[in-house]
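Take a look at the structure set out below.
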Amino acid sequence: MLFLSFLFGASAASFITSCSYRLGNSHSLTIPQRSYCDNCHSILRWWHLIPIFSFIILRGQCFYCKQKISLYLPVIEFLSGVAFTTFIIYEPIHDLIIILFLTNLIFLISTDLFSHVIYSYSLLGLFLLRCCLFRKIIFII
Ligand SMILES: [Zn+2]
């Protein structure tokens with residue numbers, strides 16, 4: 001169960017960073033449907049997309065053109081995997097709110113890092129989730 005939650009967290013972070021990169025650089029979210037290299041635009045194979053593991057296997061570079069892959073990706077995937085694994089210990093509703101909060105933070109950080117853009121709707125979601133968390137903390141006390 002812990003390994004699955006780690007894998008889910010790392011995969012969620014990988015997906016969110018991919019979407020934030022595409023949104024931040026005005027690329028389509030649906031075309032091409034598969035992930036691709038930013039430098040040579042080659043479509044990546046399935047084993048190039050395994051979070052953290054593929055970064056290690058590929059030695060931090062593209063399989064086709066040898067362009068370096070940012071260290072940000074495996075680091076955020078690992079941290080997200082650890083966070084998802086940690087949160088599975090607590091009660092489910094509390095976990096869901098924290099996981100939504102965390103994924104929203106990953107999206108904000110990634111869009112800011114990749115394109116220096118912070119979307120207002122993402123801040124609104126963060127505010128609503130913060131209100132849920134704050135109410136929950138008050139309720140516990
Ligand atoms: Zn490439």
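No lab work stands behind these numbers, since they all come straight from the coordinates. Worth saying up front: this structure is predicted, and the values here are computed from it rather than measured. Every residue, glycine among them, receives a Cβ derived from its backbone with ideal geometry; neighbour counts consider all protein chains shown.
What the table shows:
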item	result
Inter-label distance for S18 and I50, nm, one decimal - labels placed 7 Å from Cα along Cα-to-Cβ	1.6
Virtual paramagnetic centre 7 Å along Cα→Cβ of C65, amide N under 14 Å, in region 25-56	36-44
Rounded to 10°, Cα long-axis angle of helix 120-140 versus longest principal axis of the chain	40
Full-stretch length increase - L58, S115 - with 0.36 nm per residue and alpha-carbon distance subtracted	18.0 nm
Folded to 0 to 90 degrees: helix 2-24 orientation relative to the chain principal axis, Cα	70
Longest exposed-site-free window of the chain, the sites being trypsin sites (Lys or Arg not before Pro) in a DSSP loop that have at most 13 other C-beta atoms within 10 Å	67-141
Nearest 10 degrees, 0 to 90: helix 92-115 Cα axis against the chain principal axis	40
With 5 Å bins from 0: P(r) over region 2-140, alpha-carbon pairs, percent	2, 10, 17, 20, 20, 14, 9, 5, 2, 1, 0
